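I have placed the structure first, in the form of structure tokens, so that the comments after it can refer back to it.
The values are calculated or read from the model by the stated rules, or taken from the named source; none is laboratory data. Keep in mind the model is a prediction, meaning the values are calculated, not measured. Cβ atoms come from the backbone with ideal geometry, glycine included; neighbour counts cover every protein chain shown.
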Amino acid sequence: MRVLIAPDKFAGTLTAVEAAEAIAEGWRRRAPDDELVLVPMADGGPGFCDVLHASLGGDLLAVTVSGPYGEPVPATVLVADGTAYVESAQACGLHLTPKEERDPERATTRGVGEMVLAAVDAGAKTVVVGLGGSGTNDGGAGMLSALGAVAEPGGAMDRGPRGLPDLTAVDLAPARERLAGVRLVAATDVDNPLLGLIGATSVFGPQKGVTEDRKQAVDAMLEGFAALADKKLALAKGAGAAGGLGYALLLVGATREPGIALVADAVGLPDKARAADLVITGEGAFDFSSRSGKVPSGVAAVAAEALQPCIALAGQVLIGSREMRTVGIESAYSMVELVGEEASYADPAGSLAALAERAARTWSR
């Protein structure tokens, strides 16, 4: 039988490419005659460019940009067939700063703007910015500043959300002119607005270090910024992605596309699913957030369209079978349940391979 293996990264332990290889290794132990097709996936967050480069080829442009606290960080921009792919987490990702050193009220997205400019300078006519895994919550103000937006007073947009209350005016025209003739796409894994109870700060702020007693104040900082830039766009789906980077991209004319759908089309996942007998996806934690915009739900939707069964392999499975099936997942298997939490973290690739071998007992012909 033909098995399509299309997992996301297992955050903190395995890249999507490594996860796909581990699943394939374990599956072959049980079913060596099965034909395995590996298609690592991403939804716009960390691994976005690696996954696309593995499938599309193209050139990797090495750049050095500003990190979340102004320090230089290395990054790469993928350019393939006139389209550039920018992984925002490379410039402002949560993984760039140790947990004890995070200060989300000071972190900036300036480096993302610098990556976009590098893509434009390389001649790209379309720039796709993957959003996800950010450690920032500045409404994309830093990115806009790097693109040429003018703030009064100067520099207020480069200091994270803490600098936003000082703003008296924002001129976006220079940034829009700098991007004239370029099609900009925001690839998001969430559809939250910028502000309010389901906005960037309230929902995602805590994982970046925004404390409960500061959420309302930080949200108010973004609200003041939106009042100067465009309050209506703050309500748009995806505006709250990556701490408001989605909002900033919309301000300069970007269209929004679900990251998983964009990647699926780019790597030809629908055609591969139609040619398969079984589709396997996976991620570190298969939970309620997996149901919308994430890789497992996106891969399961493609499998359903192709009329093929889909199963999930995960570090942990935190939802029941009923919720699973609403996503389109027939069964989900947990590394922690099979080998224990300690072994899962000590040897993630080996544990995932063992889990795949276990799943093959049931699913391989």
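Taken over segment 301-326, the criterion of being crowded, with 24+ Cβ neighbours inside 10 Å and more than 17 Å from Ala19 (Cα to Cα) is satisfied by Val302, Ala303.
Within the span defined as segment 28-41, every residue fails to be assigned to a helix (DSSP H, G or I), farther than 22 Å from Ser364 by Cβ and out of contact with any strand residue (DSSP E or B) (no Cβ under 9 Å at 6 or more places or on another chain).
In the same structural domain as Tyr247 (by TED's automatic domain parsing) and out of contact with any His (no Cβ under 8 Å at 6 or more places or on another chain): is that true of Ala141 in this structure? Yes, satisfied. Scanning segment 87-101 for residues being closer than 23 Å to Asp213 by Cα and surrounded by fewer than 20 Cβ atoms within 10 Å (Cβ to Cβ) gives a total of 4.
Given the structure, is Gly196 more than 21 Å from the chain's Cα centre (by Cα) and within 18 Å of Lys232 (Cβ to Cβ)? Spelling it out, Gly196 is indeed more than 21 Å from the chain's Cα centre (by Cα) and within 18 Å of Lys232 (Cβ to Cβ). Say whether the condition of being assigned to a loop (DSSP other than H, G, I, E, B), at pLDDT 95 or above and within 20 Å of Leu61 (Cα to Cα) is met by at least one residue in segment 82-89. Scanning segment 82-89, I find at least one residue that is assigned to a loop (DSSP other than H, G, I, E, B), at pLDDT 95 or above and within 20 Å of Leu61 (Cα to Cα), so the answer is yes. Within segment 276-286, is even one residue farther than 23 Å from Leu14 by Cβ and surrounded by fewer than 23 Cβ atoms within 10 Å (Cβ to Cβ)? Scanning segment 276-286 turns up at least one residue that is farther than 23 Å from Leu14 by Cβ and surrounded by fewer than 23 Cβ atoms within 10 Å (Cβ to Cβ).
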